[in-house]
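Taking it in order: structure first as structure tokens, then the write-up.
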Amino acid sequence: MAEDLCSNAIEGLKKLLSERQDLAAVAAVKVKQLTADLEATTSVEKIRTGFAHFKTEKYEKNPSLYEELVQGQTPKFMVFACSDSRVCPSHILDFQPGEAFMVRNIANMVPPYDKTRYSCVGAAIEYAVEHLKVETILVIGHSRCGGIKGLMSIPDDGTTSSDFIEDWVKICSTARSKVKEEHKGLDITEQCSKCEVEAVNVSLGNLLTYPFVKSGVLNRTLNLKGGYYNFVNATFDIWCLDHGVSPPLTI
């Protein structure tokens, strides 16, 4: 109802703009305000209807699962994935609530062990490995990654133009260097595709700098795997720490 009122008001003001040029400035300001109000109302409505759908179609239809989750979580997976809105791990890998402990960030990167600079990531890994006892850590790269494009676009002199982004993606600067050296004949788009995979390998290596991760791998209680989701042609590749790539899984 509120959306209809805002929409009608905006249309009325636009008509007034076309008829009364002397009121253009005032009407334009009002149109801008109403448009902002309409967008805010729409976003809240999306959240409301989204939760209502979840509650009726998932929560209420699977009460045993949610009753079990009240008692605690026992996920088998820890997943590092990109913040990119197109690559939600629960959606593309059909993880159910309680199955995967997730960390999402720009370009799905795992920084090396550092108790001060990357403490938030370290805390998540420590909790997953030491307390939740996950069995597999999966790092998922993906096609058309903006973070990797940003990494590949950093000038050779290392200068940056952002407050946080470039400093963060430099975590995988060794992947950038390797791709630029081994695939210098490719254009930037193809180099980015190569780097999207290579950065996953760098993150897998960085995971081993965490003592509790290395211990788990050596004791065979923890597996490290890399994954690559190509949403252009709907394929998913998965490989182990030794980089032996398995045949792609088609979604």
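The values are calculated or read from the model by the stated rules, or taken from the named source; none is laboratory data. All values reported here derive from a predicted model rather than from experimental measurement. Because the Cβ atoms are built from the backbone with ideal geometry, glycine has one as well, and the counts that use them run over all protein chains shown. Side chains included, ligands, DNA and RNA excluded: accessible areas come from the protein's heavy atoms. Shrake-Rupley method; radii C 1.70, N 1.55, O 1.52, S 1.80 Å.
Scanning the stretch 158-172 for residues that are open to solvent by less than 60 Å² (accessible area, probe 1.4 Å) and either among the charged types (D, E, K, R) or under 16 Å from Val197 (Cβ atoms) (or both) yields Glu166, Val169, Ile171, Cys172.
Taken as a whole, the structure leaves Glu198 outside the set of residues that are in a helix (DSSP H, G or I), modelled with pLDDT of 95 or more and farther than 30 Å from Phe95 by Cα. For the stretch 88-136, the candidate set comprises residues that are touching a Gly at 6+ places or on another chain (Cβ under 7 Å) and open to solvent by less than 50 Å² (accessible area, probe 1.4 Å); within that set, the residue that is nearest to Lys170 (Cα to Cα) is Ala107.
Take residues that are modelled with pLDDT under 75 and at negative phi and tell me which of the helices (runs of 4 or more DSSP H) falling wholly in the stretch 1-106 contain 1 or more. Don't jump to the end; show me each part of the working.
On the way: elements: 2-19, 24-54, 63-71, 89-92.
By residue number, 2-19, 24-54.
The single condition among (1) of a type outside the set (Gly, Ala, Ser); (2) surrounded by fewer than 16 Cβ atoms within 10 Å (Cβ to Cβ); (3) in contact (Cβ under 8 Å) with a residue 12 or more places away in the chain; (4) out of contact with any Phe, Trp or Tyr (no Cβ under 7 Å at 6 or more places or on another chain) that Pro155 does not meet is (3).
Residues that are in contact with a Phe, Trp or Tyr (Cβ under 6 Å, 6 or more places away or on another chain), free of Cβ contacts under 8 Å to residues at least 60 places away in the same chain and within 30 Å of Arg176 (Cβ to Cβ) do not occur anywhere in the stretch 64-78. A count restricted to the stretch 201-219 and to residues that are among the polar types (S, T, N, Q) and open to solvent by less than 50 Å² (accessible area, probe 1.4 Å) stands at 3.
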